[in-house]
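Below is the structure I would like to discuss, written out as structure tokens.
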Amino acid sequence: MALQSLDIQARSATTTAVPGVRETLDVAKLIDISKCIGCKACQVACMQWNDLQGEIGHNHGDYQNPRDLNDTTWTLMRFYEVEPEPDRLEWLIRKDGCMHCADPGCLAACPAPGAIVRYSNGIVDFHQEHCIGCGYCITGCPFDIPRLSKKDEKAYKCTLCSDRVAVGLAPACVKTCPTGAITFGGKDEMIRHAETRVADLRERGFVKAGLYDPPGVGGTHVMYVLQHADRPELYGLPKDPTISPLVELWKGAAKPLAIATMALVGLASLFHYVTKGPNAVSREIEKETEHEEEEQA
Amino acid sequence: MRRDPRDLVRYTAGQRAVHWIVGISFILLGMSGLALFHPAFYPFSLLFGGGAWTRILHPIIGVVMALAFVVMVIRFTRYNLMRRVDWQWIGRIGEMVNGSDETMPAQGKYNGGQKLLFWLLLICMLLLIPSGVVLWRAYFDFPVEWVRWAAVVHSATAVVMICLIFVHVYAAIWVTGTIRAMWYGTVTRAWAKQHHRTWYEEVTKP
Ligand code: HEM
Ligand code: SF4
């Protein structure tokens with residue numbers, strides 16, 4: 001087996017069991033939005049560690065740059081100017097990127113065996129060498145994360161630095177954050193840490209502060225501490241994310257149902273032939289036709 | 001070349017060619033599509049040069065089939081208009097399945113079942129083409145909710161269409177003397193009398 005820290009627990013388009021004997025630690029990254037100053041050191045560190053060179057874009061009059069995630073931008077600082085209460089302006093800054101869902105919609109939707117895996121430590125990783133470029137992961141993701149590259153037609157997203165984590169290092173963004181807004185460790189430990197942060201924020205007047213670890217996708221391995229956990233939309237986050245019921249239908253019931261229907265029609269035809277025999281021209285009509293022919297001749 | 005000068009012409013070479021283009025593209029589309037639909041069929045992708053080639057080729061073949069299908073619809077719609085006798089025929093489909101069609105109402109060029117199939121296939125294509133375009137991420141970028149709907153519609157319709165084509169192909173095999181109509185375009189007089197008597201009378205009218 002490969003590195004224990006890269007044991008695979010779920011694999012796209014695979015219907016048999018994956019190796020699952022060893023039990024590894026569930027890891028998580030905790031992003032404390034109340035501590036983030038929007039310096040983008042993490043965004044830079046991500047590009048540097050992963051050797052990503054984006055195109056130089058345009059200034060749109062705010063700090064968000066580039067405008068959106070893309071094949072070379074796996075994490076992006078999103079800036080929101082909002083008024084949670086009238087006349088109370090807040091500048092909310094969220095580090096966007098893959099949430100590393102315990103129940104990943106991207107993996108459920110992916111048709112290419114092994115192109116998307118979930119390691120037993122919880123990291124969801126894309127293996128571009130198996131990627132066929134269909135973009136179904138984008139269709140499956142409840143957080144609008146994966147991006148297809150125009151350059152090579154493969155899908156890319158945050159790896160949670162699976163390569164670093166595999167050898168006991170923290171992700172590059174965590175390592176670089178100057179305020180300690182991003183922490184990394186065991187998921188339980190991160191939840192406990194979040195609880196102390198939430199208690200602190202509540203004391204300071206953010207009575208709705210809380211942890212964003214949405215249960216609809218089985219919880220995530222990237223979690224946020226939000227000042228307004230009752231309104232994740234303020235940060236551009238979905239309130240109760242789940243894999244879309246359409247995706248569930250497409251990748252769930254539809255598949256066995258389709259196979260059963262096609263097999264049934266095929267078998268029914270076969271048995272029809274076996275029981276009824278061919279539908280050949282009857283003797284009478286054949287004789288009648290021969291008779292006509294002779295008459296005309 | 002006619003095997004027998006008394007054989008009746010059922011399809012011109014042009015009609016057969018369009019039908020073959022549709023048929024071959026359909027088989028390629030079905031196999032490449034199923035490869036992406038269920039891991040059990042993923043090995044079909046090897047026939048197309050791997051997963052990425054399957055993904056690239058499928059929609060392109062789809063465009064070929066869509067164009068050829070439009071030509072077929074233009075050429076064949078007028079033979080497939082449903083008449084009262086067609087509904088009567090469909091009402092007595094059990095006798096046909098039983099293999100005793102000689103007692104059924106006399107049929108024109110196409111029987112009620114064939115006409116119904118024509119319209120069902122047309123509906124399938126009208127669902128498959130737009131949903132396929134919405135799924136085509138290499139060139140289009142539709143809102144994700146549309147793409148989710150398209151995935152369900154495209155795969156479900158494809159399965160229905162594959163089943164309809166199974167029935168279509170089986171019927172052609174089952175009724176002996178039919179396949180040759182797609183090879184060289186002719187059928188025997190006896191065949192026409194038994195299965196499409198009204199059409200037989202039309203084409204043999206002096
Ligand atoms: C008529 C034009 C068609 C177009 C433009 C089209 C396009 C597409 C596209 C873009 C995809 C997504 C995969 C990819 O990017 O290659 C797809 C998937 C698929 N297509 Fe088509 N297609 C067409 C016709 C058909 C037909 C006639 C069939 C029936 C046999 C079919 C069966 C499928 C299936 C089964 C899938 C997989 C769906 C899934 O992954 O659940 N397609 N098609
Ligand atoms: S956020 Fe999207 S890309 Fe990341 S694991 Fe969840 S479904 Fe997959």
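Between a first residue in region A:195-211 that is part of a loop (DSSP other than H, G, I, E, B) and a second residue that is among the acidic types (Asp, Glu), which pairs have beta carbons less than 8 Å apart while being 6 or more apart in sequence or on different chains?
Close Cβ pairs satisfying both conditions: A:Lys208/A:Asp230.
Which is more than 9 Å from ligand 1 (Cβ to nearest atom) and either away from chain A (no Cβ under 14 Å) or in contact with a Leu (Cβ under 8 Å, 6 or more places away or on another chain) (or both), of B:Val70, B:Val97?
Numbers: B:Val97 fails: either away from chain A (no Cβ under 14 Å) or in contact with a Leu (Cβ under 8 Å, 6 or more places away or on another chain) (or both).
Going through B:Val70, B:Val97 in turn, the sole match is B:Val70.
Which of the numbered conditions does A:Pro278 fail, given that it passes all the others? Conditions: (1) farther than 30 Å from B:Ser155 by Cβ; (2) in contact with a helix residue (DSSP H, G or I) (Cβ under 8 Å, 6 or more places away or on another chain); (3) touching a residue at least 60 places away in the same chain (Cβ under 8 Å).
For A:Pro278, the exception is condition (3).
Among the numbered criteria (1) within 19 Å of the chain's Cα centre (by Cα); (2) assigned to a helix (DSSP H, G or I); (3) within 14 Å of chain A (Cβ to nearest Cβ), which single criterion is violated by B:Trp191?
(1)
Scan region B:194-206 for residues that are surrounded by 19 or more Cβ atoms within 10 Å (Cβ to Cβ) and away from chain A (no Cβ under 11 Å) and jot them down. Before you say what the answer is, go through the steps one by one.
So in region B:194-206, the residues surrounded by 19 or more Cβ atoms within 10 Å (Cβ to Cβ) come out as B:194-196, B:199-200.
B:His196, B:Trp199 - these are the residues of region B:194-206 that are surrounded by 19 or more Cβ atoms within 10 Å (Cβ to Cβ) and away from chain A (no Cβ under 11 Å).
Now for a different question. Select the helices (runs of 4 or more DSSP H) contained entirely in region A:96-181, then report the ones holding at least 3 residues which are within 16 Å of ligand 1 (Cβ to nearest atom). Give the steps one after another, and end with the answer.
Details: elements: A:105-109, A:136-140, A:162-166, A:172-176.
Once the helices (runs of 4 or more DSSP H) in region A:96-181 are filtered for at least 3 residues that are within 16 Å of ligand 1 (Cβ to nearest atom), what remains is A:105-109, A:136-140.
Could you list, in sequence order, the residues of region A:121-134 that are crowded, with 23+ Cβ neighbours inside 10 Å and within 12 Å of chain B (Cβ to nearest Cβ)?
A:Cys131, A:Ile132, A:Cys134
Of all residues in region B:18-33 being touching a residue at least 60 places away in the same chain (Cβ under 8 Å) and within 12 Å of another protein chain (Cβ to nearest Cβ), which is surrounded by the most Cβ atoms within 10 Å (Cβ to Cβ)?
Per the stated criteria, the residue is B:Gly33.
Would you confirm, using the coordinates I've provided, whether A:Gly219 is of a type outside the set (A, V, I, L, M, F, W, C) and either surrounded by fewer than 15 Cβ atoms within 10 Å (Cβ to Cβ) or within 14 Å of another protein chain (Cβ to nearest Cβ) (or both)?
Details: of a type outside the set (A, V, I, L, M, F, W, C): yes; either surrounded by fewer than 15 Cβ atoms within 10 Å (Cβ to Cβ) or within 14 Å of another protein chain (Cβ to nearest Cβ) (or both): no.
So A:Gly219 does not fit the description; no.
Can you pull out every residue in region A:81-95 that is open to solvent by 50 Å² or more (accessible area, probe 1.4 Å) and either part of a strand (DSSP E or B) or under 27 Å from A:Ile243 (Cβ atoms) (or both)? Full working, then the answer.
Initially, region A:81-95 is screened for residues open to solvent by 50 Å² or more (accessible area, probe 1.4 Å), giving A:81, A:83, A:85-89, A:91.
Across region A:81-95, the qualifying residues are A:Glu81, A:Glu83, A:Glu85, A:Arg88, A:Leu89, A:Trp91.
Which numbered condition in (1) within 12 Å of ligand 2 (Cβ to nearest atom); (2) within 11 Å of chain B (Cβ to nearest Cβ); (3) open to solvent by less than 10 Å² (accessible area, probe 1.4 Å) is the only one that A:His100 fails?
(2)
Any idea which of (1) at pLDDT below 95; (2) within 12 Å of ligand 2 (Cβ to nearest atom) is the one A:Leu69 doesn't satisfy?
All conditions pass for A:Leu69, except number (1).
Mind checking whether some residue in region A:136-148 is assigned by TED's automatic domain parsing to the domain that holds A:Asp103 and more than 13 Å from ligand 2 (Cβ to nearest atom)? Break it down into steps so the answer makes sense when it comes.
So in region A:136-148, the residues assigned by TED's automatic domain parsing to the domain that holds A:Asp103 come out as A:136-148.
Then drop every residue that is not more than 13 Å from ligand 2 (Cβ to nearest atom), which leaves none.
No, every residue in region A:136-148 fails to be assigned by TED's automatic domain parsing to the domain that holds A:Asp103 and more than 13 Å from ligand 2 (Cβ to nearest atom).
Given the conditions (1) under 22 Å from A:Tyr136 (Cα atoms); (2) more than 9 Å from chain A (Cβ to nearest Cβ), which single one is not true for B:Ala151?
Every condition holds for B:Ala151 apart from (2).
Within region B:100-123, take every residue that is buried (at least 18 other Cβ atoms within 10 Å of the Cβ) and within 16 Å of ligand 1 (Cβ to nearest atom) and give me the one that is farthest from B:Tyr200 (Cα to Cα).
B:Leu121
Another question about this same structure. Against the condition out of contact with any helix residue (DSSP H, G or I) (no Cβ under 8 Å at 6 or more places or on another chain), under 26 Å from A:Gly54 (Cα atoms), surrounded by fewer than 23 Cβ atoms within 10 Å (Cβ to Cβ) and away from chain B (no Cβ under 14 Å), how does A:Asp200 come out, does it pass? Talk me through it step by step, then tell me what you get.
Values: out of contact with any helix residue (DSSP H, G or I) (no Cβ under 8 Å at 6 or more places or on another chain): yes; under 26 Å from A:Gly54 (Cα atoms): no; surrounded by fewer than 23 Cβ atoms within 10 Å (Cβ to Cβ): yes; away from chain B (no Cβ under 14 Å): yes.
So A:Asp200 does not fit the description; no.
Hey, among B:Val147, B:Val97, B:Val175, B:Val152, which residue is surrounded by fewer than 17 Cβ atoms within 10 Å (Cβ to Cβ) and over 25 Å from B:Val71 (Cβ atoms)? Step through it out loud before you land on a result.
Values: B:Val147 fails: surrounded by fewer than 17 Cβ atoms within 10 Å (Cβ to Cβ); B:Val175 fails: surrounded by fewer than 17 Cβ atoms within 10 Å (Cβ to Cβ); B:Val152 fails: surrounded by fewer than 17 Cβ atoms within 10 Å (Cβ to Cβ).
Of the residues listed, the single one that is surrounded by fewer than 17 Cβ atoms within 10 Å (Cβ to Cβ) and over 25 Å from B:Val71 (Cβ atoms) is B:Val97.
The values are calculated or read from the model by the stated rules, or taken from the named source; none is laboratory data. On a predicted model such as this, the values are computed, not experimentally measured, just so you know. Ideal geometry is used to build each Cβ from the backbone, glycine not excepted, and the neighbour counts take in all protein chains shown. In case anyone asks, the SASA skips ligands and DNA or RNA and just uses the protein heavy atoms, side chains included. Shrake-Rupley method; radii C 1.70, N 1.55, O 1.52, S 1.80 Å.
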